[in-house]
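Presented below is the structure to which this report refers.
Nothing in this text is a laboratory measurement; each read-out follows from the coordinates by a stated rule. Every value quoted in this text rests on a predicted model; they were computed, and no experiment measured them. Neighbour counts run over all protein chains shown; Cβ positions are idealised from the backbone, glycine included.
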Amino acid sequence: MTPTAPIPSLDGRRFRMVSSTTSAVDPEAPSVFTYWEKDGAIWGDYEGDTVTFGRFVGTRTDDTIWVSFVHVLVADRSVVTGNGESQLELTDDGRIRLVEHYEMHGLPQLSVCEEAAAA
């Protein structure tokens, strides 16, 4: 069995949401997330699609991150808070994928974000 390479730092990387059980993702204007990472801490922001703006902070251990988040919805300007856990994976072309498990509206949710291709 070939050992897998560790997932690199998320610091300064941008991700685009590709799917979500919470809402339909607009493929032309999905939510976009910017991550920062230092000494096991994770933080960042996001906006787009159904979210006016959002912030998150958390920790990383190996290929798992845990975050608490807060964002404002476009539809009614309500504030949503929650917690989530994401597994980090590498795509076939070497980008990072986040498989996010979280709770929203009292129900378990799943979303997938992929690192945005370099411009």
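Each eigenvalue of the Cα gyration tensor of the range 1-59, multiplied by 5 and square-rooted, gives one semi-axis; in descending order these are 25, 17, 9 Å. Geometric descriptor of the chain, per residue, is 112 Å³ (volume of the convex hull of the Cα atoms). Within the listed set Asp62, Asp93, Asp26, the residue fluctuating most in the Gaussian network model of the chain (springs between alpha-carbon atoms under 10 angstrom) is Asp93.
Out of the range 1-106, which trypsin sites (Lys or Arg not before Pro) are coil in DSSP terms and have no more than 16 other C-beta atoms within 10 Å? Don't skip to the end; give the middle numbers.
Details: sites: Arg13, Arg14, Arg16, Lys38, Arg55, Arg60, Arg77, Arg95, Arg97; in loops: Arg13, Arg77, Arg95.
Counting only loop positions with at most 16 other Cβ atoms within 10 Å, the trypsin sites (Lys or Arg not before Pro) in the range 1-106 are Arg77, Arg95.
Using only alpha carbon pairs under 8 Å that are at least six residues apart, calculate the relative contact order of the range 14-115 and give it in whole percent.
On the way: 242 pairs, mean separation 23.9, N = 102.
Value for the range 14-115: 23 percent.
Taking a sphere under 12 Å around the Cβ of Tyr46 and counting the other residues whose Cβ falls inside, with K and R at +1 and D and E at -1, yields a net charge of -1. Each Lys or Arg adds one and each Asp or Glu takes one away; over the other residues whose Cβ falls under 12 Å from the Cβ of Trp36, this sums to +1. Among residues other than Glu89 with Cβ under 10 Å from its Cβ, the summed charge is 0 (Lys and Arg +1, Asp and Glu -1).
Using Cβ contacts closer than 10 Å as the measure, can you line up Leu107, Leu98 from fewest to most? Before the final figure, lay out the partial values.
Details: Leu107 9, Leu98 22.
Ascending Cβ contact count within 10 Å gives the list Leu107, Leu98.
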